[in-house]
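Enquirer: This is the structure I want to talk about, given as structure tokens.
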Amino acid sequence: MMHWRHPPRLPVRLACFVLAILLLWPVPLWISASTIAVQASPFVAICTLLAGWAFGAGIILGLVLSAIAIVRKRWFCRYICPVGLLLDGFSRIGLRKNAWWGKCPSIGGYIVLLTAAGSIAGYPLLLWMDPLAFFSSAFTIRTATDILSGFLSTAGLTFLLLIAITSGDLWCARICPLGATQDFLSGARSLPGSFKDILKSKSHGKARYGIAFSTTRRAFLAVAAGVGLGFLAKRNGRARADRAPLRPPGAIEEDEFAGLCVRCGNCMRACPSKIIRPDTGQAGIAGLLAPTVRYEGEYCLEDCNACTQVCPSGALQNLNLRQKNEYVIGEAQLDPSLCFLVRGVRDCDICVRSCPFDAVQIYWDEDLYVACPVVDQLKCNGCGACEAYCPTGDVKAIRVWKSGTV
Amino acid sequence: MAKRISRRELMQSVATGGLVLAGSMTPLESLMASQLRPMAKRGPQPPGPAVARYPAVLADGKVVQPQRELEVLHKTEVLVVGGGPAGTAAALAARCLDVDVTLVERYGYLGGLATGGLVLAIFPLYDRDNRQVIRGIGEEMMQRLDVLKYGIIERNRAPVYPTVDAEAFKYVLAEMVLESGMDAYLDCWGVDAIIDSNYAVKGAVFESKSGRQAILADVVVDASGDGDIYAAAGAAFEKIKDNIGLVSRLGNVSVQDVLDEHLKNATGPRDDMDSGMPARGMPVTAFEGHVGSPTPAPGINWLNMKGPVGDGLDVAELSRMELLHRRALWKNLEKARRKPGAEQAFIAETAPQMGVRLTRLLDGAKKLTEKEMKTGVKFKDAIGYSGAYANAPEFQIPYGCLVPAKLDNLLAAGRCVSAEFLVADTLRLIPVCWVTGQAAGIAAALCVKDQCKPRQVNVPRLQDLLLKQGAFLG
Ligand SMILES: Cc1cc2nc3c(=O)[nH]c(=O)nc-3n(C[C@H](O)[C@H](O)[C@H](O)COP(=O)(O)OP(=O)(O)OC[C@H]3O[C@@H](n4cnc5c(N)ncnc54)[C@H](O)[C@@H]3O)c2cc1C
Ligand code: SF4
């Protein structure tokens, strides 16, 4: 606990903590504030840059912080990281003396190598392990619509806190990819054995303990594995693309989406319609917690592009309003055997009225003597207004399906 | 005076009705022969006074109706033409303010499309938060249906909408009209307007078994659904074509909800994106016979029909469509009988009147626009709300929609008021017709009381009276 005694650090850390909360608060300071809070992580900034989907003020900030990490060892951990502060606090009340992992090698470095190599293949494998993403995700609980998604959104941070309580600095010293990224940057040929000591040393002096990553061979293997796994995951994602749930507007191709998404929950909090929900595994484990779109009661508003403004990794492309409305989330299809109008249940034309793009029209078939809503796929962008308002009950007669799944 | 006679007739019918009712309830022996009244004389009647006849004349290939004086059947203060949801609400509301009211309806029952059109679902009643925003006279009608067996179902279960029984509703309306003491003429078509030299409406001309007669009035409420009277008077309007269907009721249907059945078999849970993606384009499957949805009466379903787009004012088109609709309904029945639970189904009734949606929209002092509807603009002269429907939230309806831009002494109510087509598409729905009807009725009564024109009506007073009659103004 020595570090608590260095006077300037605590106020700075607290200030950064408060700032992070302000940036992530459901009512943000400005629309894309939450992006910055995640992109500030050098791990996210560098891997995202390698994957090549995002660039912007937040990434530049992340790079600047990366640059500082080169000259000041673990400077980000010591001054900025809000999760670091939290974990410090929790480990103080916990059983931290029992550092059973003292002799364990660090795996953070491998995570970084795997992910960075995967990024080059277009699939940053473990980007979701970024602590700032966990931190951000926890705020999603305020907008969660059901218990499961509320639980899942906080699961990451809860897990870190449990580690802190039971095992002290284990996360920061051995696992955290954000920490390991800094270690790489500071040029530490050897990785730290005792996180405490690193934090104690104000300088960027040489590390003292165990060597976790000394051999270039292991590093090389990790990089090769990362590239290979990245390609594999992409292929797997492509194969599963037709089973994938709907993604928010601006989502990149399904094969890369699950990899690039950091699961920060920014888009879910930004959505005023609350139609973005965490994936609970419909499209396989790879997509777990990534954002999916569900039209239950609300739809993707024609005058909103909030989610496309807040994605730190570029998994959701930054789109202006016009582009967003042109982005095809999916396509609406009618099941006539459920439709109230077709079945004469009542004089329904709710899908026609609710469509903001005039894409649904009622056709009259003289031979079948039946009226039937028909969707103009050239106009339909899958905003889901028809599905949200269709009154047929639990299963809607008109539903938005992933394009190309027919 | 003609008025007296009709009143007396009405009273008589009430009395006879009461007697029959009493008879059916009391033990037979308590009914004394002396209590029975003699019937009118059956058989040949003495000749009446000679009447001059002026038949139309065919001259030079043209049919000409000679100019002639019309018998004045009746004089009244407020004349309501059309006895649908709007007309009945207007007449009852006006009658509450103790003015002389006369209601004229072309068919032999009240309720318009809501009964005779067999359009039995009452929506939109609720706002986004499932609060009922349409009350007043419509609510009173529904409350009267509440206490009748098989009168109405799904009441106060927002967002599910109530469904009424057509016969129960006809009965309730007849009862309310009788109780109110207004004059009512049924089986009587409004065929022309009567205007004076100042282009102000003074009544209307009707055609019935009694011939062509006039009813004079201080104010006329056109609740004919088609704006027949304001059009005849020369008011400007927008002509609309819309879908025209023929609704029917099926009997002996035990499939209460085919949908439930279907859901169990056909489609997986909501999350399962693998299942049940329907085919692209105009689907041709699943058009087996349809059995519609339940009504309050057991075993009776109502079956809606959208129908093709047509001109609801063109008698040739209407006639042909009605014949084709009937043929289609029979074909549908035969297919529907293949469904489990509907093997013994039969057509209990086809609607006595065609399902004509929109025909004429008034050019009013105010034309309610789609933008105003969607953005929920508030009006100083609001007379009520329409409930939320699809993605449009509840919205206010201004009084100006009922007042013609030029014509005087006339108010429109119901599905022919002044609004853009897409707005009228909501205003035409039953509860919203209650709203415009009730407001038009009160406004007409105020014109009589304050000796003013509809456009001069004291709006705060109108709103005050609406509130007193239980209407919802926000
Ligand atoms: C097929 C169909 C389905 C519908 N489904 C629904 C639904 O599910 N829910 C809903 O709320 N609404 C529905 N509607 C709309 C709604 O039923 C009508 O728009 C509503 O009843 C209109 O009320 P109104 O009083 O303005 O006109 P109407 O109901 O048409 O009443 C007008 C009355 O005036 C009479 N009349 C007309 N001309 C004359 C004349 N010249 N002289 C004398 N009397 C005249 C008519 O006989 C009628 O009784 C549907 C309409 C149709 C056609
Ligand atoms: S909203 Fe649903 S039930 Fe109504 S017409 Fe459209 S598809 Fe059919």
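Enquirer: Would you please put B:289-296, A:326-333 in order of how densely packed they are, using the mean number of other Cβ atoms within 10 angstrom per residue and starting with the highest?
Expert: Going by the mean number of other Cβ atoms within 10 Å, highest first, we get B:289-296, A:326-333.
Enquirer: Sort out for me the Cα centre separation of region A:323-378 from region B:111-161, rounded to whole Å.
Expert: 27
Enquirer: Among B:V160, B:Q451, B:M373, whose Cα sits farthest toward the positive end of the charge dipole of chain B (+1 at Cβ of Lys/Arg, -1 at Cβ of Asp/Glu, about the Cα centre)?
Expert: After comparing all options, I get B:Q451.
Enquirer: Another one. Mind checking which lysines have their C-alpha under 21 Å from B:K241, skipping anything on the same chain fewer than 8 residues away?
Expert: Excluding near neighbours in sequence, the set is B:K306, B:K367.
Enquirer: Rg/Rh for region A:1-73 to two decimals, with Rh computed the Kirkwood way over all alpha-carbon pairs.
Expert: Ratio of gyration radius to Kirkwood radius: 1.04.
Enquirer: Shifting gears a bit: What's the angle, to the nearest 10 degrees (0 to 90), between helix B:136-146's Cα axis and the longest principal axis of chain B?
Expert: The answer is roughly 70 degrees.
Enquirer: Same structure, new question: Below 8 Å, C-alpha to C-alpha, sequence gap of six or more: please give me the relative contact order for region A:283-347 in percent.
Expert: Here the relative contact order equals 17 percent.
Enquirer: I've got another one for you. Which three extents, in whole angstrom, do the alpha-carbon atoms of chain B cover along their principal axes, largest first?
Expert: Reported extents, whole Å, longest axis first: 79, 62, 58.
Enquirer: Using the eigenvalues of the Cα gyration tensor, what equivalent ellipsoid semi-axes result for the protein assembly as shown when each is taken as the square root of five times the eigenvalue, whole Å, largest first?
Expert: 74, 28, 24
Enquirer: What list of ³J(HN,Hα) values in whole Hz, one per residue of region B:378-383 in order, does the Karplus curve 6.51 cos²θ - 1.76 cosθ + 1.60 (θ = phi - 60°) give from phi, with Gly and Pro shown as x?
Expert: Karplus values, whole Hz, x for Gly and Pro: 9, 10, 5, 9, 4, 10.
Enquirer: Next question, about the same structure. Over region B:351-473, what per residue volume does the convex hull of the Cα atoms give, in whole Å³?
Expert: Enclosed volume per residue, from the Cα hull, is 112 Å³.
Enquirer: If you don't mind, there's one more thing I want to ask. Using the Cα atoms of region A:50-187, I'd like the radius of gyration and the largest Cα-Cα distance, Dmax, both in angstrom.
Expert: Using the Cα atoms of region A:50-187, the pair Rg, Dmax is 15.7, 45 Å.
Enquirer: Something else about it: Counting only complete DSSP H runs, which helices of chain A cover 20 Å or more along their long axis at the Cα atoms and score a mean Kyte-Doolittle of -0.5 or above?
Expert: A:9-24, A:57-71, A:147-167, A:216-240
Enquirer: How crowded by other chains is B:110-123, given as the mean number of beta carbons from other chains within 10 Å of each beta carbon?
Expert: 1
Enquirer: On average, how many beta carbons from a partner chain sit within 10 Å of the beta carbon of a residue in A:350-363?
Expert: Mean shielding count: 2.
Enquirer: Normalised by the residues of region A:328-406, what does the relative contact order come to in percent, with Cα pairs under 8 Å and at least six apart?
Expert: About 44 percent, as a whole number.
Enquirer: Tilt of helix B:315-336 relative to the longest C-alpha principal axis of chain B, in degrees (0 to 90, nearest 10)?
Expert: Orientation of helix B:315-336: about 40 degrees from the principal axis.
Enquirer: Loop only per DSSP, at most 14 neighbouring Cβ atoms within 10 Å: give me the trypsin sites (Lys or Arg not before Pro) in region A:56-134, ordered by residue number.
Expert: Sites meeting the loop and neighbour criteria: A:K97, A:K103.
Enquirer: Here's a follow-up. Over its Cα atoms, what ratio of radius of gyration to 2.2 N^0.38 Å does chain A give?
Expert: Normalised by 2.2 N^0.38 Å, the Cα Rg of chain A equals 1.11.
Enquirer: For peptide A:329-341, how many partner chain Cβ atoms fall within 10 Å of a residue's Cβ, on average?
Expert: Partner-chain Cβ atoms within 10 Å, mean over residues of A:329-341: 5.
Enquirer: How far is helix B:430-450 tilted off the main Cα axis of chain B, in degrees rounded to 10, range 0 to 90?
Expert: 20
Enquirer: While we're here: Sort the following peptides by mean Cβ neighbour count (other Cβ atoms within 10 Å, averaged over residues), highest first: A:389-396, A:178-185, B:356-363.
Expert: So the order, starting with the most tightly packed, is A:178-185, B:356-363, A:389-396.
Enquirer: Continuing with this model, one more query. How far is it, in nm, from the label point at A:D394 to the one at B:A236 when both lie 7 Å from their Cα along the line to the Cβ?
Expert: The answer from the label model is 5.5 nm.
Enquirer: Step by step: find N for region A:328-406, compute 2.2 N^0.38 Å, then divide the Cα radius of gyration by it. What's the final number?
Expert: Here the Cα radius of gyration is 1.02 times the empirical estimate.
Enquirer: Tell me the relative contact order for chain B as a rounded percent, counting alpha carbon contacts under 8 Å between residues six or more apart.
Expert: Relative contact order comes out at 21 percent.
Enquirer: Which aspartates and glutamates have a Cα less than 14 Å from the Cα of B:K202, not counting those fewer than 8 places away in the same chain?
Expert: B:E77, B:D192, B:D218, B:D222, B:D408
Enquirer: Per residue and in Å³, how big is the convex hull formed by the alpha-carbon atoms of region A:119-179?
Expert: 98
Enquirer: Mind listing the phi-derived Karplus ³J(HN,Hα) values for region A:262-275, rounded to whole Hz, using 6.51, -1.76 and 1.60 with θ = phi - 60°, and x for any glycine or proline?
Expert: My calculation for region A:262-275 gives 8, 6, 7, x, 4, 5, 5, 6, 6, 6, x, 8, 6, 9 Hz in order.
Enquirer: Report, please, the projected area of region B:310-405 averaged over directions, based on the convex hull of its C-alpha atoms, in nm².
Expert: 9.6
Enquirer: If we sort B:422-433, B:388-399, B:310-321, A:365-376 on the protection proxy, mean other Cβ atoms within 10 Å, highest first, what's the order?
Expert: B:422-433, B:388-399, A:365-376, B:310-321
Enquirer: Where the centre of each part is set by its Cα atoms, how far does region A:29-65 sit from region A:384-402, in angstrom?
Expert: Cα centroid to Cα centroid, the span is 37 Å.
Every number in this text was worked out from the coordinates using simple rules, so none of it is lab data. Predicted model only: the values in this text are computed from it and were never measured. Don't worry about glycine lacking a Cβ; one is built from the backbone with ideal geometry, like all the others, and counts go over all protein chains shown.
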